[in-house]
Structures are given as structure tokens and as C-alpha cells.
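The values are calculated or read from the model by the stated rules, or taken from the named source; none is laboratory data. Bear in mind the structure is a predicted one, so any value in this text is a computation, not a measurement. Virtual Cβ from ideal backbone geometry, glycine too; neighbours counted across all protein chains shown.
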Amino acid sequence: MNSIQHKIEDLRSQLHRYNHEYYTLDAPTISDYEFDQLLAELQSLEKQYPEFYDENSPTLRVGGAITKKFQTVVHDHRMYSLDNSYSKEDLLDWETRIQKNIGDEKVHYFCELKYDGASISLTYENGKLLRAVTRGDGSQGDDVTQNIKTIKTIPLQLTGDYPKKFDIRGEIVLPIAGFHKMNQERIAAGEEPYMNPRNTASGSLKLQDSGEVAKRPLQCLLYQLVSDTPICETQEEGLQKARSWGFHVPSEAILANSIDEVMQFVDQWDVKRHSLPYETDGIVIKVNLISNQMELGYTTKYPRWAMAYKFKAEQVSTQLESISYQVGRTGAITPVANLRPVLLGGTTVKRASLHNADQIEKLDVCIGDVVFIEKGGEIIPKIVGVDVSKRTVFCQPVDYITHCPSCESELIRSEGEAQHYCLNSNACPPQITGKIQHFISRKAMDVDGLGAETIELLFRDGLIRNYADLYTLQKEDLLPLERMAEKSVDNLLLGVEASKKIPFERVLFGLGIRFVGQTVAKKLAASFGSIDRLANATKDELEEVDEIGERIAQSVVLFFSNPNNLQTIQRLKDYGLQMTISADRLAAQTSLLKGSTFVVSGVFESFSRDELKAAIEINGGKVSSSISSKTTYIVAGKNMGPSKFQKAEKLGIPLLSESDFRALIAVK
Ligand code: AMP
Ligand code: ZN
């Protein structure tokens, strides 16, 4: 190696090390002055010899790169949200669900603090930071690598025995002291102060000038390794390793052997959190054994192996001025409190959810009362109590509405239901627009060029009365509408046309059948194959499908017994929407495994667990999550849970290896 190159690389590795010692370990071994000298030397060499450019050089920490538009990147591994719990009972329920899945094997929990900032996914390859992507909608986010490189606690070059390629997840936070300092400077400069550390941290990730990001005292706290093949056996070990490679992993976490011990950790941090340098809004409890985590898997939103425990939120009081009633797409009525505006956790709150009539009764709230509100897990805050001492003679008891605020039909509340409903589904305006809005939404038909407001506009102008009408829209009808330039009209029509290619399962989800969410729609599409077969299915046939219970079956039958719905579906068919599963899927479909129920356990070589489950279903088999006498086979991969193994043995259920399984479905 040329001696200049050697010098440059030597400086880089020294600076990476000093940086880590200073920012992550908080234990510098050289003075700031010496550090600045080395950095300046490297900067000047890099300038002089651009041929030795390195995209992960420590000089990039100062920023400077400008990003005009952040590229969208699809996450290799989905970034899930966390399920929330608020009490010991919630945690015990969770434990029961876990044990149902993994058997009576003892579960250990790794308890971490829940850092309140913006989540980030970092990809490392050969020890170098390759990419940093925001959570986005969980399946795709923005590439913010240039900005992230300026955060000093993020290693650009790892040390030690790291895997060749992996992702690590963390939270970008703005420590409270740094936040206050930034605000003092802003105030001094005559600028508006920032609202709260969390919003400022997440706003920082999307600044166009990385030099600005570099000036902010952001930190990245890491909490999860993610990779195709497991890197470690436990959550605890994973984090220890990450720390040894140079990541900033906070050390407050503990291993708990029972929910009681988890609660001790919660209670301790509920108090101590106020002395932490950054904000936390709870703790995160994770099943420690990675093999258990894999057995438990994920719902569409959350890992089943992790749970957030939210600390009690900040409370403020304000006056309840009035109640409005909203009508959802299913006709459900939701009362919403209109409040005298008040500042809560950095944002001004004007409205709060009241959920339903029972809730109002339970709170015993009157119009005009002073109420306590707090932010829970939801975005919209809730009313948690009434300050009865402030009640005056002017306060009015709530007279819950009896008729729909929109179409005036009488509201119905069925036995066992919390919500009142307007049953006039085919003529009640918010239900009509709500259904069409659901139909075009991203997870359903994903119609480009058409948003919620346009739907309302089209409905008001009498152009659409149900989702099938979208396919009859003509350019000349749309052009005269307000805010509809030729370009937007073209986009809208193209978007509608393109939606005809959306696969059947998403069309089915888009129809808005009550209780038929994305997962159920997928199951129904795969089991029945076409809308006609589904429409003709009896309640019993529906209930035969894995995970379809009485409530869903009833709702599906009800939907297809409504002549209006059948007519709309016929129209959608005529317009050319996908009303059967695709030919590819159909061709792949067999009934080789019909009548067999499978439990999948462990890790596999040629399938991900989801692929394996899909392979079972497409071949007519059923997948179940727990072993019982009804299980036909267990497909056992590496690291199969010991409790499952014992249970299988006890019940005499045959185990299939990955290759046995492939033979069963005749894949070579
Ligand atoms: P929520 O946004 O309330 O659904 O909570 C999920 C988010 O909590 C994740 O996306 C992470 O960004 C964040 N989080 C903070 N600390 C942790 C932690 N220790 N483990 C997992 N997630 C965490
Ligand atoms: Zn109505």
C-alpha cells in the first residue's frame, strides 16, 4: 500500500476509535484539541488525495451533503410497531398467550427502556454502515444515510467479531439537555423554540442539509439485531454483542424471570426515568430466547414476543365544551369531545375520544365539566376523569343521540355491542364516502391520484354513490369540478384503470365487509379462490377455514345476502376487476395436503417460516400455532422449541424434516 493511503487509513481508524471512546463509552483517551488536530490532518489529506475517498470516513461526521429528495427503500425485514400494555393484568394475559404457543417451558423476559424518539434501521455489511432508513410505514422508509452519518454514536466502522451482513434497529433521540440548549440558542436568535425532543429528533432525520443535522446533539440508542439467520441465542446476548462491535446500547436493561420481576423494573423506572438524560415513555419487554421469539412470530402489526408497557401519561385538565358524533364507514357512531384548547405533551389538544355511550356514562361527564385528559397509546387523547369539584349549575348532562347526525335514521345498539350503529348503510353519506375511501386506500385498491377529499367532492357532486361508480367516471364529468385540473383528472382516471389489476385478496379487503381485515381477506381468497365461491359459501363452510370464527362467518354471509352488494360486485366484475385468485396461484394450488393440520417450528433452510406456511396453505393444508391432538404433522426445523418437541412426543405426532415436507408436496 502506498504510504499516503496508509497514513489516511491509519488516521481514519484512530479517529473511529477516539470517536467511540468519547461519544459512546464516555471515556476519552485523548484531549479534544488532539482530536481536532487529527481530524484536520485527515481532512486536508482527503482533499489533496481524493482518490482515497471513503464514504464512511470520520470526516463525514461534520456533514455537508445535501439531500433534495430522500429515496424510498423497502425494508428487508418489516419494522413492526409494539403492542401496548398498561397493567400487570395485561402482562399476565400476554404471558398466557405466550405459554399457549410455546408450551409450559419457562419464559424469561428481557426488559429494556422504551426510548422516545424516531426509529431507524441501520444496515451493516462487512463492518461498514451501508444504509440508514427511517421506519416509514413499516414496510418502506426513507434513506437518510447522509444525515445519520453525522450522529457520533453511530459507528461507521465496526470492530470485533461482527456478522457479514445484518440490520440493527435503534431509536434516534435528542437528549433533554441538548434540546434545551438548542432552544435557548433559538430564542436568543429570535426564533420559535421547538416543541419537544421527540418531534425535533424525528424532524432532524429529514433535514436536507446534513451539516445542520451534525450540529444537533442527536444520539442513537440501539435495541434490536435483525438478520436472516439468527446471530445469537438470546436478546440479552444480541445486545451484548452489538455493544462489543461499537454500538451504543444503554445498560439499564435487565433479565426478569417472571412478570412480578418485570413489574418491579417498571415501578422502579416509572420514578427513576425523570433522572435519565433522554425521554422514555415506557419499557419494552421481550421474550429473551430467540428460538421462542421465532416460534411466537408476528401479527400483522406487532411481534408476539414483545410488549411495550406505557408509563402513566401526563395529565392536564380543561373544559368539555360540547360533544360531536362521527359516523364511520360501518355505521358505527363515535362520540368526540370538543375541548377548550389546552397544551399537553407539547401539542395543543382540542378534541378527545369518548369511545361510546357506556364510556360517557362511566365517566359520568356533563357538558361544561372540567375534565382530565391524557395521551394514551392512541394519537387522539382521551378523557380519563371529571373534576367534580368544579361542576357548576350550568353543566348539562349528556343526552346521547338517538338518531344518526347525518341521515337521521334511528340508531340501533345490539346486545353486547358497545357502539350505536346507523343501519342505513346504503344511503347514509359518511358511510358511503367512508366505504369508498376504504376501497381506494393503500392497503386495498391503492388508487393513485384519488384521496379522501376528492371522494367527498365526487360524492357531493353526485358522481359516485358507491365504489363501483368509480369505474364509470368520465373525463368530461370531472373537468368542471373545483380543483380538478386536466392533469389531476388524467391521473385519477389512470389510477382507477390501474386498480383493475389489483389482486383478488385486496379487492376482497377493499369491499369493506365487517371483520374482514387484510389477513382474513387473504385467508378467504386462498380458501375459496373466487368471489362466486365465497358468496355461495355457507356459514359452516366459512367456519371450516382456519382462524375464521362465527363472528366473521356471520358477517360474510350477511354481506353477500344483501342484493345491493351483489349488484355492486357484479358491476365490479363487469368492469374487469380481479375476482378470482391469479392464474399463477391457481396453478400452484393443490389439494395434496387437504385434511392435514400442520404446526411449524424452528428455522428452515430453503423457506422462511412465512413461505413454509404459505406452501402448506396453497397445497390445501391448515396451519395451526399450537400442538394438539388435531395436529397431523409438525414440520420441524433447526432450533425447534424443546417444549414443542416434548408435546409432540407425548401426543405421538410425527415430525417432518424440511426435506420430508418437500417430498410431501412433491418439490425436488
Ligand atoms: P410504538 O411507536 O408506540 O408502536 O412503539 C414502537 C416503537 O418503539 C418502535 O418502533 C421503536 O422505535 C420504539 N422503541 C423504543 N425503544 C425500544 C426498545 N427498547 N425496543 C423496541 N422498540 C423500541
Ligand atoms: Zn346515518
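Condition (residue is within 16 Å of ligand 1 (Cβ to nearest atom) and among the aliphatic types (A, V, I, L, M)) applied to region 99-106: is it met by at least one residue? Taking every residue of region 99-106 in turn, none turns out to be within 16 Å of ligand 1 (Cβ to nearest atom) and among the aliphatic types (A, V, I, L, M). If you go through region 183-214 and keep only what is part of a helix (DSSP H, G or I), without any contact (Cβ under 8 Å) to a residue 24 or more places away in the chain and farther than 20 Å from K69 by Cα, you end up with N183, Q184, E185, R186, I187, A188. Residues in region 232-241: is at least one polar (S, T, N, Q), surrounded by fewer than 19 Cβ atoms within 10 Å (Cβ to Cβ) and away from ligand 1 (no atom under 16 Å from the Cβ)? Within region 232-241, not a single residue is polar (S, T, N, Q), surrounded by fewer than 19 Cβ atoms within 10 Å (Cβ to Cβ) and away from ligand 1 (no atom under 16 Å from the Cβ).
Only residues that are away from ligand 1 (no atom under 13 Å from the Cβ), modelled with pLDDT under 95 and not in a helix (DSSP H, G or I) were counted in region 263-297, giving 2. Take region 381-403 and flag every residue that is without any contact (Cβ under 8 Å) to a residue 24 or more places away in the chain, surrounded by 11 or more Cβ atoms within 10 Å (Cβ to Cβ) and either acidic (D, E) or closer than 16 Å to Y325 by Cα (or both). H403 - this is the single residue of region 381-403 that is without any contact (Cβ under 8 Å) to a residue 24 or more places away in the chain, surrounded by 11 or more Cβ atoms within 10 Å (Cβ to Cβ) and either acidic (D, E) or closer than 16 Å to Y325 by Cα (or both). Screening D142, D137 for residues that are farther than 20 Å from Y298 by Cα, within 24 Å of the chain's Cα centre (by Cα), in the same structural domain as S210 (by TED's automatic domain parsing) and outside any helix (DSSP H, G or I) leaves exactly one candidate, D142. The single condition among (1) more than 30 Å from Y471 (Cα to Cα); (2) surrounded by 13 or more Cβ atoms within 10 Å (Cβ to Cβ) that N424 does not satisfy is (1). Selection over region 1-39 of residues that are of a type in the set (A, V, I, L, M, F, W, C) and at pLDDT 90 or above gives a count of 6.
Within region 260-285, the set of residues being surrounded by fewer than 19 Cβ atoms within 10 Å (Cβ to Cβ) and touching a helix residue (DSSP H, G or I) at 6+ places or on another chain (Cβ under 7 Å) comprises M263, P277. Every condition in (1) in contact (Cβ under 8 Å) with a residue 40 or more places away in the chain; (2) crowded, with 17+ Cβ neighbours inside 10 Å is met by L42 except one, and the failing one is (1).
Pairing residues of region 648-660 that are assigned by TED's automatic domain parsing to the domain that holds F607 with residues that are loosely packed, with under 13 Cβ neighbours inside 10 Å, at Cβ distances under 7 Å and at least 6 apart in sequence or on separate chains, gives L651/S629; E658/E605; E658/S606. Pairs are defined by a Cβ separation below 6 Å, a sequence spacing of at least 6 or placement on different chains, a first member in region 428-453 that is outside the structural domain of Q578 (by TED's automatic domain parsing) and under 15 Å from I513 (Cα atoms), and a second member that is more than 16 Å from ligand 2 (Cβ to nearest atom) and outside any helix (DSSP H, G or I); the pairs so defined are F439/M445; I440/V447; I440/L450; M445/I502. Only residues that are over 19 Å from D143 (Cβ atoms), in a helix (DSSP H, G or I) and either touching a residue at least 24 places away in the same chain (Cβ under 8 Å) or in contact with an Asp or Glu (Cβ under 7 Å, 6 or more places away or on another chain) (or both) were counted in region 45-75, giving 6.
Only residues that are of a type in the set (S, T, Y) and within 16 Å of ligand 2 (Cβ to nearest atom) were counted in region 351-409, giving 4.
Strands (runs of 3 or more DSSP E) fully within region 588-642 that include at least 3 residues being under 28 Å from the mean Cα position of the chain (by Cα): 597-601, 622-624.
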